[in-house]
1. From G69, G118, G81, grab the single residue that is under 31 Å from the mean Cα position of the chain (by Cα) and in contact (Cβ under 8 Å) with a residue 12 or more places away in the chain.
2. Restricting attention to segment 333-350, which residues are within 22 Å of the chain's Cα centre (by Cα) and not hydrophobic (A, V, I, L, M, F, W, C)?
3. Looking at (1) closer than 20 Å to G45 by Cβ; (2) open to solvent by 10 Å² or more (accessible area, probe 1.4 Å); (3) among the β-branched types (V, I, T), can you tell me which one V61 breaks?
4. Within segment 166-194, take every residue that is of a type in the set (V, I, T) and open to solvent by 10 Å² or more (accessible area, probe 1.4 Å) and give me the one that is farthest from W147 (Cα to Cα).
5. With the condition being under 13 Å from D249 (Cα atoms), I'd like the strands (runs of 3 or more DSSP E) fully within segment 261-312 carrying at least 1 qualifying residues.
6. Kindly indicate whether any position in segment 121-129 is among the basic types (K, R), open to solvent by 50 Å² or more (accessible area, probe 1.4 Å) and within 30 Å of the chain's Cα centre (by Cα).
7. Across segment 146-177, what is the total count of residues that are in a loop (DSSP other than H, G, I, E, B) and touching a Pro at 6+ places or on another chain (Cβ under 9 Å)?
8. Which pairs turn up if I take residues in segment 41-54 that are over 14 Å from G76 (Cβ atoms) and look for partners that are open to solvent by 20 Å² or more (accessible area, probe 1.4 Å) and among the hydrophobic types (A, V, I, L, M, F, W, C) with beta carbon separation below 8 Å, at least 6 apart in sequence or on another chain?
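The values are calculated or read from the model by the stated rules, or taken from the named source; none is laboratory data. Keep in mind that what you see is a predicted model, and the values were worked out from it rather than measured. Cβ placement follows ideal geometry from the backbone for every residue including glycine, while neighbour counts extend to all protein chains displayed. Heads up: the accessible areas ignore ligands, DNA and RNA and are worked out on the full protein's heavy atoms, side chains in. Shrake-Rupley method; radii C 1.70, N 1.55, O 1.52, S 1.80 Å.
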Amino acid sequence: MKQKRQQHNLFLFQFLCLLVVFEIPIVFSWQNLVYLDLSSNFFQGPLPSSICNLKNMEFLVLANNKFSGTIPKCLGNFSSGLNTMDLRNNEFQGTIPTNFSKDIKLKNIGLNGNNLVGPLPQSIKNCKYLEVLDVGNNKIYDTFPIWLDNLPQLHVLILRSNKFYGTVIPSKTQFEKLRIVDLSYNNFTGSLPAQFLKNLPAMMSVRGEDGLKYMGDGNGSYYLDSVTLIMKGLEMEIHRVLSIFTTIDLSGNKFEGEIPESIGNLYALKLLNLSHNNFNGLIPPALGRLDKLESLDLSWNQFRGEIPSQLTNLTSLGTFNVSENQLRGRIPTGNQFGAFSNDSYYGNLGLCGFPLKDCGPNKDIGYGSNSGSGLWERDVLGLESGFSWKPVVLGYSFGMSISLAIVGFSLVTGKPKWMMNISEEISRQLGIRSNRKRYVMIGISVLAVT
């Protein structure tokens, strides 16, 4: 009976929501509606501006539909009590509303998966309570929004798959609570500033893990914050995000230079993805201090040198990828490194050791050394010195052909006499019969070439 009553209440709630959105006249006073959740349906067409008549609205959840047209501008200030505006995965176009008011209490702005253009409106910095800003998978064209450091409660910043460009300028103040940063697949350039990493104190502390909770628990409602992230190479929507979850994803940009050693101070970091950039230099051994790290992807860069042995300290590491770099030397052994497959190291011709080829008989010299078997194996075809065996092979083949031609001519004509005399003298001393002298002449010709 209780279950049927709950189903009835849910049906009534959804029915009332439909009446509000499509402006069907009713006798109820729906202006006092606080929750409106029409997510994961088949609604389409423009969102009526009359939705802004709901002055008491706190939770507006329209995700996973086919709403189109522009987002009503009034959504920026229609309700001072608005807590959540979740419009993810629709077909909205145009720009983001620019009139977010100073007295708004928004904690979650979810616009991921639409067709929004233009810059990110700076009026968002008026949302002093904002915890989640997710504008990923749109067409937003702007520089890095450094002004977001004015938001003291910001936990999640997702700019993934847009048209952001330029360098990441470090803030003068800290992002006090920022724990999820996804700047992947944009056009960011330049180096990764060490100061930017130093301004993320929430990623440096592992305290508070005894009180596990999900983001959004403080809202006092059924709604929990959800985000879309890349996990193990797959895009996933995480519906319940632990407040201790920390990630940095800078993949798919044009970052360059070396990784700052200060990255080793982000002790709470669980996922780090720097793949598909132009990072170079050595892999910083400081990464070995991130003992909470569960996924590390450094693939498709220009890292050189050896894989630091300090990475074996990462006992929580479940995913590791350094493929398509310029790494050399022996792959570290111990702990999690015994579980990684060939795919983790693909495209680094100088690496050896499990699970790749054996490093050879000299166990003390790796491919990162300037001497020893590792370097010789790479230089045997002239890859290091610039020497090539191709002219030698061609010259040898040409000389052998000329020699065999001379031998054939001598056997038929008996000339030149000096070669025939040498053959007879060697045959006489070796006791070889005359019908085998031709083999002696062939041997003389080969020796002459070599």
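1. On the way: G69 fails: under 31 Å from the mean Cα position of the chain (by Cα); G81 fails: under 31 Å from the mean Cα position of the chain (by Cα).
After ruling out the rest, the residue left standing is G118.
2. Step one: list which residues in segment 333-350 are within 22 Å of the chain's Cα centre (by Cα), which gives 336-337, 339-349.
Listed by number, the residues that qualify are Q336, S341, N342, D343, S344, Y345, Y346, G347, N348.
3. The number of the failed condition is (2).
4. Filtering segment 166-194 for residues of a type in the set (V, I, T) gives 167-169, 173, 180-181, 189.
Restricting the remaining residues to those that are open to solvent by 10 Å² or more (accessible area, probe 1.4 Å) gives 167, 169, 173, 189.
Numbers: T167: 14, I169: 10, T173: 10, T189: 19 Å.
Among residues in segment 166-194 that are of a type in the set (V, I, T) and open to solvent by 10 Å² or more (accessible area, probe 1.4 Å), the one farthest from W147 (Cα to Cα) is T189.
5. On the way: elements: 271-273, 278-282, 295-297, 302-305.
Result: 271-273, 295-297.
6. Of segment 121-129, the ones among the basic types (K, R) are 125, 128.
Keeping just the survivors that are open to solvent by 50 Å² or more (accessible area, probe 1.4 Å) gives 125, 128.
Going one step further and asking which of them are within 30 Å of the chain's Cα centre (by Cα), we end up with 125.
Yes, segment 121-129 contains at least one residue that is among the basic types (K, R), open to solvent by 50 Å² or more (accessible area, probe 1.4 Å) and within 30 Å of the chain's Cα centre (by Cα).
7. Of segment 146-177, the ones in a loop (DSSP other than H, G, I, E, B) are 151-155, 159-164, 167-177.
Filter again for touching a Pro at 6+ places or on another chain (Cβ under 9 Å), leaving 159, 164, 167-170, 174-177.
Within segment 146-177, residues that are in a loop (DSSP other than H, G, I, E, B) and touching a Pro at 6+ places or on another chain (Cβ under 9 Å) number 10.
8. P48/F22; L54/W30; L54/L33
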